[in-house]
Every structure is written in structure tokens, then in C-alpha cells.
Amino acid sequence: MLSSNPIVNQPLDHPLLEEKGLELSIKRLDLIHELVPGNKFFKLKYNLLKAQAEDHHTLLTFGGAYSNHIHAVSQAAFALGMKSIGIIRGEETLPLNPTLKAATEKGMQLYYVNREDFRKKKDADFIQQLKEKFGEFYLIPEGGTNTEAIRGTREILSAEDESFTHIGTSIGTAGTFLGLIQSASLGQKILGFSALKGEFIHKEVADLSKIFDIDSNTQNQIFTDYHFGGYAKYRQSLIDFIWWFFETFGIILDPIYTGKMLAGIWDLIEKDFFPRGSKILAIHSGGLQGNEGFTFQTGIKLPTLSR
Ligand SMILES: *Cc1c(COP(=O)(O)O)cnc(C)c1O
């Protein structure tokens, strides 16, 4: 069982917040575990407990070559003395990017499949083939969203967060968003910022709510216009925001998830979306392992954790 560092909410100080009569705090999930920080800690927690209870020794999951989820599974497996297998979309490219390098350094075995096969990741036949190839394993879906994951993300908010009026989070597969909705107190608004381009996420969230039997009667809202080009894309304005945020508050953001969410919140603050007196809590869901990979891929420098 992984144990987390204390979870802190860091209040931000800025003239704009004063002018608008707002409070903004960051829930620093990026600091909660050395190997498995961010929302992935919560998404994996009950999956890891279940895998151990079922006496599995190997975790297998799917992801892209820069995936935070792949990284997190490799680190969690290592921390628990388990084996891990990462089924990676696309062809192997050498040298390994920083994400896959860190994964293999923690013992993850990588297996590359083409895009067509990767789409079969939920087919029983394909899973059976993987079992014949690798032996028994505990399967964690791509992006990690399943019942256990949502159960875990319900633990992100605690009793002392009840005083916040708005909770902001980034959305990938929406597991975290749904867990927050389930655990929010009455009257709290959950604001989700989709990292991906497109309106499909509304239906995705509706479908998942049905599957996981989540009654989303809190007043939540999904924003789809802060994708900055889409997943694994970027705009210079986002890079500039990430640097500005780091220089102003000393907090590192990533360009896939947390940077977009905070750029969105900041924009909404400027546009008077939040009524005076609102107390906003933005969830820093981690993802900083990806900053090095982003620079590796694009050549664009970002603040990184110095190691
Ligand atoms: C995976 C991830 C997300 C998306 O979480 P979902 O539960 O898939 O919506 C958000 N932020 C970071 C940093 C992540 O790594």
C-alpha cells in the first residue's frame, strides 16, 4: 500500500484576486508522493489494493509514449515490488523518451503495438492473447478510469475543503472529475477543463456517469475551449502562461493538463465568471514527469523539477 504525504492547499496572492474579491488556492497533489504524485495516486490506490488482495504480481496497462498513467503504473509497481508491463501505442523510437526511460528504469516491460491493435485494448480476445504472451496480470485500463479509480478520486477532497465554492480540475478520461462530483459538498461547483479538443467529452461524461451510477446533481460545468490545440498540442500562449505562473507563484504546471486548467481559471477570473466572494480550489493533478518529455519532443523549455 502506498502512503501519501500530507495534502496541502496553497493559497495564492495576486492583485487580480484582490481586485475581483476572490480567493484561489491550489491543492498540491503534485507533492503527495515522490514516485506516484498527482491524481494518479488516487486513481491507482484501490486498483493496487485489489491487485494485491487477488494475489497478482504483475500490473499491465496501456498508454501513449508520453503518458503520465504509464509512468505512474511503472513507479507504483516498483514501489510495491510488483512487475509491470506497458502496452505502448505506436512504434519503438530510440533513444527512449524521458517517460519510457523512467518506466523501464523501474522495471516496466514495454510492448509496442500499432494503432489498429491498440484500439483492441478492451477486446476479450486481445486481452487473452496478452495473457498467453505475458502470463497472468492485473489489468488497469488506459487512462486508469474504472470503478476502483473513481473510488480513489473521491478521497481527493476532504472535510476542510467544504468552504470552497468552486473546484477546478483538468479532464482527460474524466475519472477524476467524476470522483470530485461524487464527493463535493452541496452547492459546490465542480469545473472541469477538457485537455482534449472537441465536444465529445460531454457525452463521455454522461455515459460514464451512467456506467458508474453517478448522480451528478452538483452544479458542475465542463469547459471545452481551453484545449490550446488539443492533447499533446500546444500554443505559445500556454507556454508563456506556464512560465508566468511559475515565476509569479513558484508552482510548476504541465502543458497537457494543469497548465490548461489554470490558464482557463485565470481567464475566467479576468472575465468575471466568478461572483465576488467566491473561493476557488484548483486541483494540481501532477503530470510534471511529462515536462521533460515535452521538451524532448518539441525543444521548448519548461520549468521542471530539478533532480
Ligand atoms: C491523467 C491526468 C489527468 C486526467 O485525469 P482523468 O481522470 O483521466 O480525467 C489530469 N491531470 C494530470 C496531470 C494527469 O496526469
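The values are calculated or read from the model by the stated rules, or taken from the named source; none is laboratory data. Keep in mind that what you see is a predicted model, and the values were worked out from it rather than measured. Because the Cβ atoms are built from the backbone with ideal geometry, glycine has one as well, and the counts that use them run over all protein chains shown. Just the protein is used for accessible areas: all its heavy atoms, side chains included, with ligands, DNA and RNA removed. Shrake-Rupley method; radii C 1.70, N 1.55, O 1.52, S 1.80 Å.
Scanning residues 5 or more positions from ILE167 or on other chains, those with amide H under 5 Å from its amide H are LYS189, ILE190, LEU191, LEU281, with H placed 1.01 Å from N in the peptide plane.
Round to the nearest 10 and give me the degree value, 0 to 90, for the angle of helix 289-298's Cα axis relative to the longest principal axis of the chain. Once rounded, the angle reads 90 degrees.
Candidates ILE214, GLY168, ALA124 compared by Cα position along the dipole of the chain: farthest toward the positive end lies ALA124, with charges placed on Cβ. Would you kindly find the accessible area of HIS166, with a 1.4 Å probe and non-protein molecules such as ligands, DNA and RNA excluded, rounding to the nearest 10 Å²? Per-residue accessible area (HIS166): approximately 10 Å². Is region 39-144 rounded, prolate or oblate when judged by the Cα gyration tensor, a ≥ b ≥ c being the square roots of its eigenvalues, rounded requiring a/c under 1.5 and prolate requiring a/b larger than b/c? Taking the square roots of the gyration eigenvalues as a ≥ b ≥ c, region 39-144 is oblate.
What angle do you read, to the nearest 10 degrees and between 0 and 90, between the alpha-carbon axis of helix 68-79 and the longest principal axis of the chain? Taking the Cα atoms of the chain, the angle to 68-79 is about 60 degrees. Ligands, DNA and RNA aside, GLU292 has an accessible area near 80 Å² when probed at 1.4 Å. In this view, the solvent-accessible surface of MET1, computed with a 1.4 Å probe and all protein chains in place, comes to about 120 Å². With respect to the chain, whose longest principal axis is taken over its alpha-carbon atoms, helix 200-211 is tilted by about 70°. Can you give me the Cα centroid spacing of region 36-113 and region 130-158 in angstrom? Here the answer is 11 Å between Cα centres. Phi-derived couplings, Karplus 6.51 cos²θ - 1.76 cosθ + 1.60 at θ = phi - 60°, listed residue by residue for region 192-197: x, 10, 6, 7, 9, 7 Hz, with x used for Gly and Pro.
For the chain, the share of DSSP beta bridges that are antiparallel, to the nearest 5, is 10%.
Considering helices alone, the calculated mean residue ellipticity of the chain at 222 nm is -11500 deg cm²/dmol, with DSSP H runs of length four and up weighted by -39500 (n - 2.57) and normalised per residue. The portion of the accessible surface of the chain made up by carbon and sulfur, rounded to a whole percent, is 48 (1.4 Å probe; DNA, RNA and ligands excluded). In the full protein context, region 39-144 carries 48 Å² of accessible surface per residue, based on a 1.4 Å probe and ignoring ligands, DNA and RNA.
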